[in-house]
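The values are calculated or read from the model by the stated rules, or taken from the named source; none is laboratory data. Only a predicted model underlies this, so the values are computations on that prediction, with no experimental measurement involved. Counting neighbours? That spans all protein chains shown, and the Cβs are built from the backbone with ideal geometry, glycine included.
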Amino acid sequence: MKHTKSHLNKNSRCFKAQGLTEFALVLPILLLLVLGIIEFGRIFQAWLVITNAARDGVRYAVTGEYNNNYCTDLDGDETLCDGASKQDEEDIARLQSIHDLVNARASSISRDFGASKGALGYFHVNVCSTNTGYTYNPPPADECLGPDGTPHEHPGDPSEGPVRVLVAVSFQHPLITPFMNRIAPSLPLHAERTGIVEQFRVARVLGLPPVIQVPTATASPSLSPTPSKTPTSTPSPTPVDCTPYSLSGATILREGGDNYSVYVNNAAAENVGITYVGLDWDNAWYWGHGLGVDNIRVNNFQWNSSTFYGGDDYSSPTNVAASYNLSAGNSVLFDVDWSGSYGTNVFQNWGMGPEHFGVVFQLDNGCELRLDSVPLPTPTPDCSLYTLSDFTFPNTYGIVNLTVTNGDTMGTYVTGFEFDWEYAEEYDAIVDPDDELALDYIRWDGATMWGGANGSVYDYNSTTNSASDHPSTFPGSYIAPGPDLAAGDSQVFQADFDWESVIFETDTLSSDFGITINLANGCTLQRPANPQPLPTPDCSQYSIGNITYYNNWNQISVDVTNNDAIPANVTSVDLDWDYADAYSEAIGISTLRTDWFRWDSTVIWNGNDYASHTNTLVDSPASWNQPSELGSGGDTDTLRVDFDWSGESEWGLRDLMGIQPEDFGVSIYFDTGCVLSVPSQGRIVATPTPDCSLIYPYNEQITDDNFRFYVQNDNPNAAYLIDSRFDWPSDGSGHPCVDWFLFNGNYYWNPGTCYNSSPINAAPAAPGVILDGMSHGLWDTDFDNGALLYGHYQTELTFEYPGWGICTVIGNYDLVPTQTATTTQTPTNTLTPTLTPTPSDTPTPSNTPTPSPTPDCDDISASVSISGDDIVMNVTNHNPVPINLTNSSLYWTKYWDGMYVDWFQFLGNQYYNGNDSTPNTTNKAPGSPIALGSGASGQWVTDFDGQSGSLYGVFTVTLVFDGRCTVSDTVTRSTPIPTDTPTPSDTPTDTPIPSDTPIPSDTPIPSDTPTPDADTPTPTDIPCFDC
């Protein structure tokens, strides 16, 4: 049969579809199989890892080794893994080291140390031992329980005899196979390994180590047993005959009476080996500690005078592994030596004999030789034989002592105490509220038994109880159980305090303290406190001085002294400055205010109060910074008050206003209930009468396009500018025109358009522009729209003194052209012929004089600086012609009482030697002008003398060149903040040195300056003021 091509293609397509279907059916199974192999490999790998980790962990645990970095200091003896708590400190380090090693071995599995039990990645290591009281509960509990039934790991202590240790590792292995991890996201894995701990410590019992109970695997079904052959009987071992071995001759009287000795005898015909020795000395331990000899300890074991155990075992029993030969027919002396704080024949003195000790020897043939101890009753204490002395105070360093005496025949030790120091605590809080009294440490017989010494532990509250206040520090450096008190002995209980302000030997009595001491024998020693009454404040011991001026910057002060034994805190201050308030208002100073109060060097109030009285609890109370302490025992502090006002001047209160210290009053209130007061003298204010001769103009000048001058008011009263009139030359063309009027910083006439009609009358708005008493202000007007004309400029100002009358001040200035030098050419003689009679000597006309260039004031620059005790101004002339210094002024701050201006000089020419000690030094002109060449620079210098240190304050230098060009600059050096040195605390804020420093009105104008002819061109350079 023939197959067509289309038929073949159809079959091929069917085969392909069939293959894809089969592959789709098989693929999930293949994937599940592959993923299952991978998952099984991961599980097996994780199981191997935790198994090996547990195995390595137990191998490390049995060695007793540890990482020294994990050592701690449990007993406070400042040693690590040593001392009385050596074994406990070592076991803590061993546990940490075992965990580190297991974690390192299991680093290849994906653990989550933050996961909780049962969660993905949970990883847990457990270390447990078969020591007494420890039990391991396998999964799901997976925990080691301690003697108290709570989870507590333990690495194994071989001192109790042979012991096993177990290391268990649990891991919640995450599954990654789909479908499977939906059913079980993780699989718990667990591995355990145990080992016998090596004998790195002396064992106290004998025997094989117990077996740690671990879960057994579920038994799988076994095949039917095959019948075995009938066993043959094994002969029983022959019993060892132990009768040839014996102990004899036990005694306690060798070598000072603190030894136990016994002979070990071998009557057999064969040698035998000694493998273990155990010693029971419970009776000696209990008697020693009962009598206060708590450091009794086994010093060594000797076999035939050869030491095989080095001792220092503080507790009974003492068990030691041995390896000695006891030869046939021989006897060997076994000897034990003790150490401790006791005398000779100690055991005999305690009523003990060899029968009160027990000993056991194990032989290598299985025999055991034993002598059991006979219990010895402990004595009954007589608590009436214990006494406490009075408390004593040996020095001023916060030490309190008490002597404790044991008159009984048996010793004991301290198990706890309560120390009552409440009176000292309360007394110290009264006399020194800032520092809190604290108990630092307590010593017993010179050694610390509570606290940390050197400030590591403090108790700030009485009563101090060793059981509740830092109990971990008791019994301190003593070996447990506590500080000893031997029979017939006395010990000193010593308490050390820190931060004490109470002086124990003068401020307290023995009865102010109380003590309770608990002893191990059941006795309780008590001395209850019977404190005296606490002190109360005595206001009669407070005193206050007179109010005085503190310095020249308007500060007053008063001294306060407390001779009482109790310190006090200032709670408020009330200052009476009624007279100063009323007087300043009367003379027109409305800005007088109290700026701040200081207590010694600390600002305690800074509220800026403008009206008397100033009370710190009423006026700006938020700025009151309390408490301010006044110490006890004669402490003296100073209250200082600073006053301020606009235009403040040195000694302003005293010299300007005539206010005396007695015009102030003050009351100071304390938290003790005491009040100190100084009343004011209560003067009535008499308003001063103004004098028109004491208000006047100065430094009238034209600079650039301004006419200006200063008005000085030397009256103590304030004046008000109420009217003004200004006249100036005008050519009738409307040029120039006046823009505005300004006085004392206030534009009181500023119409917004330029006025060209002279004169102008302008009055400020009521009540006018104020000019405070004993101050000055600048009047200024500005021209626009053209150059100023030569001629006379005049301003008439009307001032009113409220309630008194009117004064008029007139400022004038004549603007004249600068003199221009001209040169006249000398006529030349014309030669006349000798034969022709002609007129002789026809003069040649002289050249018309050409004006020389006028210096431009804008082309003069200057800068001023402080150099040592000099003020230096550097001046540069950028004009093409020279300029001449014609006048100079210095405005300066007198910071030091004795300072004065020594001299002025320019370009090395000293032209003023006035020794001026009163600011300011103005209008000092050279005898003849001093020229500064074209393009040249030069220095103007003034020298100060008489000061006690650096220059401080504001210094302004004003130089006038050619009688019209003014250069001015200011330098400021901030004054230091005052402490107790009488230096200025508030530099006046309105120092009368404006940036446009006025030119003296009496600047000399050359008298021979020629008046220009009608055809002489008008100078185009306008005089400047701000050059």
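Numbers below:
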| quantity | calculated |
| --- | --- |
| Residue identified as in the same structural domain as ALA267 (by TED's automatic domain parsing) and of a type in the set (A, V, I, L, M, F, W, C) among VAL332, VAL400, VAL414 | VAL332 |
| Count of the stretch 695-722 residues which are of a type outside the set (Val, Ile, Thr) and farther than 30 Å from GLY786 by Cβ | 10 |
| From the options ALA529, ALA487, ALA565, residue that is in a loop (DSSP other than H, G, I, E, B), at pLDDT 95 or above and within 30 Å of PRO394 (Cβ to Cβ) | ALA529 |
| Of all residues making up the stretch 436-459, the number that are farther than 25 Å from LEU388 by Cβ and either surrounded by fewer than 13 Cβ atoms within 10 Å (Cβ to Cβ) or outside the structural domain of THR516 (by TED's automatic domain parsing) (or both) | 3 |
| Looking only at the stretch 564-601, and only at residues there that are touching a Ser or Thr at 6+ places or on another chain (Cβ under 7 Å) and among the polar types (S, T, N, Q), the one that is surrounded by the most Cβ atoms within 10 Å (Cβ to Cβ) | THR594 |
| Residue that is nearest to the chain's Cα centre (by Cα), among those in the stretch 259-272 that are more than 12 Å from VAL332 (Cβ to Cβ) and in contact (Cβ under 8 Å) with a residue 60 or more places away in the chain | ASN259 |
| Criterion violated by GLY292 - all others in (1) in a loop (DSSP other than H, G, I, E, B); (2) out of contact with any helix residue (DSSP H, G or I) (no Cβ under 8 Å at 6 or more places or on another chain); (3) modelled with pLDDT of 90 or more satisfied | (3) |
| Residues within the stretch 120-154 that are in a loop (DSSP other than H, G, I, E, B) and either over 46 Å from the mean Cα position of the chain (by Cα) or without any contact (Cβ under 8 Å) to a residue 40 or more places away in the chain (or both), tallied | 17 |
| Residues of the stretch 941-956 classified as out of contact with any Leu (no Cβ under 6 Å at 6 or more places or on another chain), assigned to a strand (DSSP E or B) and either at pLDDT 95 or above or within 20 Å of GLY914 (Cβ to Cβ) (or both), total | 7 |
| All positions within the stretch 635-648 that are out of contact with any strand residue (DSSP E or B) (no Cβ under 7 Å at 6 or more places or on another chain) and crowded, with 18+ Cβ neighbours inside 10 Å | GLU648 |
| PRO716 assigned by TED's automatic domain parsing to the domain that holds LEU788, assigned to a loop (DSSP other than H, G, I, E, B) and modelled with pLDDT of 90 or more | no |
| Qualifying positions in the stretch 768-823 - modelled with pLDDT under 90, of a type in the set (S, T, N, Q) and not in a loop (DSSP other than H, G, I, E, B) | SER775 |
| Flag if GLY416 is in contact (Cβ under 8 Å) with a residue 12 or more places away in the chain and closer than 29 Å to ASP75 by Cβ | yes |
| Answer residue from the stretch 873-899, given it is surrounded by fewer than 17 Cβ atoms within 10 Å (Cβ to Cβ) and touching a strand residue (DSSP E or B) at 6+ places or on another chain (Cβ under 8 Å) and is nearest to THR956 (Cα to Cα) among those | ASN874 |
